[in-house]
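Only one structure is covered here, and it is reproduced in the block below.
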Amino acid sequence: MKISDIENIELKYLSIEDYQELKDVMISAYQSMPEAYWHEKHIRALINKFPEGQVVIKINGHLAGSALSIIVDYDHFTDNHTYKEITADYTFNSHDRNGDILYGIDVFIKPEYRGLRLGRRLYDYRKELCEKLNLRGITFGGRIPNYHKYSDKLSPKEYIQKVKNKEIHDPVLNFQISNDFHPSKVLKGYLEGDEASNEYAVLLKWDNIYYEKPSKKAATKKKVVRIGLIQWQMRPYKNMDELMQQAEFFIDAVSGYRSDFALFPEFFNAPLMAENNHLSEPDAIRELAKYTDSIIEKLSEFSISYNINIISGSMPEVRDGILYNVGYLCKRDGNVERYEKIHVTPDEVKIWGMQGGNEFKVFDTDCGKIGILICYDAEFPELCRLLAEEGMDILFVPFLTDTQNGYSRVRHCAQARAIENECYVVIAGSVGNLPNVHNMDIQFAQSMVFTPCDFAFPTNGIKAEATPNTEMILIADVDIDLLRELNQFGSVRNLKDRRRDLFELRKKII
């Protein structure tokens with residue numbers, strides 16, 4: 001049929017009145033298996049058990065193709081099942097409305113309508129149905145009708161690999177792969193009478209990236225997350241109470257816009273060192289560390305009262321006589337978690353005698369999994385990659401840089417982390433001057449939110465950016481679902497396409 005002859009294309013639910021025409025289409029579609037058509041009792045059973053799983057495409061009022069499916073509890077089967085087993089001896093009593101997998105029973109297109117991408121429409125419907133019903137994915141056994149031509153020379157596994165490499169054309173398997181289904185296993189003796197496939201099939205799967213495991217809790221993970229960045233002005237403060245009053249002002253502001261996170265910069269409490277400027281730099285920073293517990297206690301109170309997750313930036317902390325650069329995630333549910341700066345800068349070692357920490361991890365929040373790396377740590381791609389492998393969606397980077405070239409290192413490395421790890425990266429720094437604090441006298445910052453670079457994101461990979469060197473807040477929304485789509489369907493897929501056969505990255509246990 002020519003496209004110019006098409007007046008109307010409809011995707012409709014299958015009705016029992018369509019049966020005779022459906023039978024004719026099946027017989028024409030399966031010419032190598034003339035008896036391989038469903039009887040009326042089978043179609044009636046499918047419609048009664050799962051009407052929305054049975055659809056047809058009609059062109060100019062004539063049935064051109066169909067897709068039939070059921071829902072199964074896949075834990076009741078193994079990956080070595082047969083077609084007869086999965087359909088409960090063709091009764092479809094295996095259909096379970098409370099199951100987790102949409103199982104494809106059949107898809108066929110009448111020969112004269114092939115080449116019009118009707119099969120893609122049917123598969124797109126299945127995917128939308130799978131997402132709508134919150135199922136884990138779609139599974140079915142795919143025939144390999146050209147295999148009989150190569151069975152004397154190739155094993156099924158070798159045949160499938162050559163089809164994937166485009167060395168052999170298999171109309172069914174090629175079509176499935178082009179529709180984002182991935183071969184999982186070779187099934188032997190899958191469909192009785194399928195001589196063209198030597199009764200072999202390929203177990204094909206499609207994962208629903210939007211699937212949410214049913215939870216007994218009332219809470220749910222947010223898909224669009226609002227982030228408040230605090231571009232902090234360094235200025236003199238009389239005491240900690242005055243500094244925390246300013247911090248509360250910003251928390252109140254971003255909370256007023258219903259932000260889910262408030263991000264403070266690295267060493268935002270540095271102005272409190274002014275009262276110890278008469279001491280040496282190592283002694284002054286250790287005096288500043290005495291405020292850390294009180295500041296975190298106050299920030300935790302704010303996180304609860306303002307209903308916002310607060311990332312404290314960082315501050316000095318002394319443990320067992322060792323000086324670290326650390327921060328705290330103060331969750332709005334009252335829990336508090338700690339993170340450490342892994343790579344301290346040469347200046348932090350030389351001036352303050354600071355040492356790098358050993359602990360970094362992904363944090364579970366009510367907005368999904370996040371990572372936090374302090375300033376210089378963002379310049380080491382291994383850390384972010386390890387966090388990405390643990391499922392991180394948003395990386396927060398509190399930083400402090402004195403010069404523009406120092407800022408540029410953090411900024412460009414942070415943007416690279418967003419691209420290579422398919423995540424959002426949020427950076428926030430301090431601006432202004434502290435003439436009365438040694439080693440902290442000037443700051444340069446431009447807080448930003450970075451995204452991957454693909455069609456669903458800004459073309460330059462920048463979601464939002466603050467005015468350079470100006471005290472302000474920056475608020476931006478990030479959509480977690482877009483990351484899932486990127487991971488599956490992106491123009492490039494940095495996480496999936498890594499050559500794990502050549503290299504690996506692992507986290508050491510210390």
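None of the figures in this text is laboratory data; all of them are computed from the coordinates on show. Keep in mind that what you see is a predicted model, and the values were worked out from it rather than measured. Positions of Cβ are backbone-derived with ideal geometry, glycine not excepted, and every protein chain shown enters the neighbour counts.
Here are the numbers for the structure shown:
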| item | result |
| --- | --- |
| Size of the range 222-304 as Cα extents on the principal axes (Å, biggest first) | 49, 21, 19 |
| Residue-averaged 222 nm ellipticity for the chain, from DSSP H runs of 4+ at -39500 (n - 2.57), nearest 500 | -8000 deg cm²/dmol |
| Thr365 long-range amide H proximity, modeled H, under 5 Å | Ile370 |
| Volume of the Cα convex hull of the range 276-338, divided per residue and given in Å³ | 79 |
| Unsatisfied cross-links (Cα-Cα over 19 Å) in the set Lys162/Lys185; Lys223/Lys369; Lys127/Lys205; Lys331/Lys508; Lys12/Lys132 | Lys331/Lys508 |
| Distance from the range 325-342 to the range 232-272 (C-alpha centre basis), Å | 16 |
| Neighbour cut-off at most 14 other Cβ (10 Å), DSSP loop, GluC sites (Glu not before Pro), the range 401-510 | Glu504 |
| Computed over the range 102-205, Cα set: Rg, Dmax in Å | 13.9, 44 |
| Angle between the chain longest axis and helix 480-489 axis [Cα atoms, degrees, rounded to 10] | 50 |
| The chain - Rg (one decimal) and Dmax (whole number), Cα, Å | 29.7, 95 |
| 17 Å Cα-Cα reach of Lys238 towards lysines, excluding residues that sit fewer than 8 places from it in its own chain | Lys290 |
| Total charge dipole magnitude, the chain, about the Cα centre, Cβ charges on Lys, Arg, Asp, Glu only, Debye to nearest 20 | 1040 |
| Antiparallel bridge percentage (DSSP; both residues within the chain; nearest 5) | 75 |
| Tilt relative to the chain, helix 240-256 - C-alpha long axis, 0 to 90 degrees, to 10 | 30 |
| Size-normalised alpha-carbon gyration radius of the range 354-510, reference 2.2 N^0.38 Å | 1.09 |
| Dipole axis of the chain (+1 Lys, Arg; -1 Asp, Glu on Cβ), positive-most option in Asn494, Asn421, Phe457 | Asn494 |
| Neighbour-count order for Arg258, Arg409, Arg126, Arg500, fewest beta carbons within 10 angstrom listed first | Arg500, Arg258, Arg409, Arg126 |
| Among Ile47, Asn309, Trp232 - extreme Cα towards positive end, dipole of the chain, charges at beta-carbon | Ile47 |
| For the range 189-215 versus the range 369-423, the gap between their alpha-carbon centres in whole angstrom | 40 |
| Selection of GluC sites (Glu not before Pro), the range 1-70, meeting DSSP coil and at most 10 other Cβ within 10 Å | Glu7, Glu35 |
| Other-chain or far-sequence residues with amide H under 5 Å of Phe396's (modelled H) | Gly371, Ile372, Leu373, Val426 |
| DSSP-assigned coil residues among chymotrypsin sites (Phe, Trp or Tyr not before Pro) in the range 210-306, each with at most 11 further Cβ atoms within 10 Å | Tyr257 |
| Cα radius of gyration and Dmax for the range 225-489 (Å) | 17.2, 59 |
| Scattering profile of the range 3-207 at q = 0.10, 0.19 Å⁻¹ [log10 I(q)/I(0), Debye over alpha-carbon scatterers] | -0.41, -1.58 |
| Electrostatic dipole magnitude of the range 225-489 [Cβ: Lys, Arg +1; Asp, Glu -1; Cα centre; debye, to 20] | 260 |
| Debye intensity ratio I(q)/I(0), log10, the range 145-289, q values 0.22 Å⁻¹ (C-alpha model) | -1.26 |
| The chain: angle of helix 404-420 to the longest principal axis, Cα-based, in degrees nearest 10 | 20 |
| Positive dipole terminus of the chain, leading residue within Ser94, Thr470, Met354 (C-beta point charges) | Ser94 |
